[in-house]
Amino acid sequence: MRRNTDKMQNVDVLPMATAQKVKTMIIQREMKPGDRLPTEKELTEVFGVSRSTLREAMKYLRAENVVVIRQGSGTFVSAGTGIGEDPLGLHFTDQKYLIQNLFETRMLIEPQIAGLAVQRATPQDIKNLERLVAEMDQIQINSTATAEMDVQFHTAVAECTHNEVLIRVVPIINESIRRSHVETHDDLESFKRAKRSHKGIYKAIADGNYMEAKFLAERHVWETLNDVREREEQK
């Protein structure tokens, strides 16, 4: 029985080792999101493994959101490399207090992200924020599309820091945005406040105003949390 178990473990080790080699290849070749990986035949030759082993390795990588497999097109580097759908296992936490906990986390993180964005944002980063603010300003109704644009803005602010760890913390913020939108989707005033906050945060970053960016980021989180609480009390 022990021999059979060891054999099964060895079978699992090879695909996992191959998956790690693929990750290393992506890093060493400085591949970007959307870049296509070499063909299956090429990869089996490079790593000296069978097709079945490589396919198992790709299953691991797809589960980790390292790659995206498109039938008939090939395998590509994922846009959210290494970030799974629920990277922190939030779906397994106490859902009753999840929104509260998410906002507390945002309160600790977002002002610091905004402050660092002021110090590190490039002219291209500023243009990207300006574009997102302008696009959201054109929207007059609070919809699912609005929530996704909200997500894009907060992601763009994090990207201004050029800190890859902070950028990967963004899913916490995004989860909070999506959940709060469920509560306030028909609250036009909440939407208008969010648009004003985004415009203010963008301007503070563009002007290099460190304290203003941190203050507005913190106020934005508080205002959104208060909107959510008011809705919950009305239920």
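The values are calculated or read from the model by the stated rules, or taken from the named source; none is laboratory data. All values reported here derive from a predicted model rather than from experimental measurement. All Cβ positions, glycine included, derive from the backbone under ideal geometry; neighbour counts span all protein chains shown. For the accessible areas, the whole protein counts, side chains as well, though only heavy atoms, and no ligand, DNA or RNA atoms are used. Shrake-Rupley method; radii C 1.70, N 1.55, O 1.52, S 1.80 Å.
Between THR93 and VAL165, the modelled label-to-label distance comes to 1.9 nm, taking each label 7 Å out from Cα in the direction of the beta carbon. Between GLU40 and GLU64, the simple label model (points 7 Å from Cα in the Cβ direction) yields a spacing of 2.1 nm. Backbone geometry of region 208-222 corresponds, through the Karplus equation with coefficients 6.51, -1.76 and 1.60 at θ = phi - 60°, to 3J(HN,Hα) couplings of x, 8, 4, 5, 5, 4, 5, 4, 5, 5, 5, 4, 4, 5, 4 Hz, x marking Gly and Pro. For ARG219, the accessible area of its heavy atoms, probed at 1.4 Å with every protein chain present, is near 100 square angstrom. Couplings 3J(HN,Hα) of region 50-55, computed from phi: 7, 5, 5, 5, 5, 5 Hz, in residue order, whole Hz [Karplus 6.51 cos²θ - 1.76 cosθ + 1.60, θ = phi - 60°; x for Gly and Pro]. Rounded, prolate or oblate: which fits region 184-233 when a ≥ b ≥ c are the square roots of the eigenvalues of the alpha-carbon gyration tensor, with rounded for a/c under 1.5 and prolate only if a/b beats b/c? Note, shape of region 184-233 comes out oblate. Helix 164-184 and the long axis of the chain differ in direction by around 60°, with both axes built from C-alpha atoms.
Could you calculate the contour length gain from GLU148 to ARG219, that is, 0.36 nm times the residue separation minus the distance between their Cα atoms, to one decimal place in nm? Present the calculation step by step, with values, prior to reporting the outcome.
On the way: separation 71, 0.36 × 71 = 25.56 nm, distance 2.06 nm.
That works out to 23.5 nm of additional length.
Compared with the dominant principal axis of the Cα atoms in the chain, helix 144-159 is inclined by about 80°. Please report the carbon-and-sulfur percent of the accessible area for the chain; probe 1.4 Å, protein heavy atoms only, DNA, RNA and ligands left out. The computed percentage sits at 52.
Quick one: accessible area per residue over the chain, 1.4 Å probe, rounded to a whole number of Å²?
Working: 14030 Å² over 235 residues.
The answer is 60 Å² per residue.
Straight Cα distances below 29 angstrom link LYS32 to the lysines LYS21, LYS23, LYS41, LYS59, LYS127, with same-chain residues fewer than 8 positions distant left out. Just so you know, the Cα atoms of the chain work out to an Rg and Dmax of 21.6, 68 Å.
By the helix-only formula, in which each DSSP H run with n ≥ 4 contributes -39500 (n - 2.57) and the sum is divided by residues, the chain has a 222 nm mean residue ellipticity of -24500 deg cm²/dmol. In this rough spin-label picture, where each label sits 7 Å from Cα along the Cβ direction, the MET107-ASP207 distance is 2.6 nm. The angle separating the long axis of helix 123-137 from the principal Cα axis of greatest extent in the chain is about 60 degrees.
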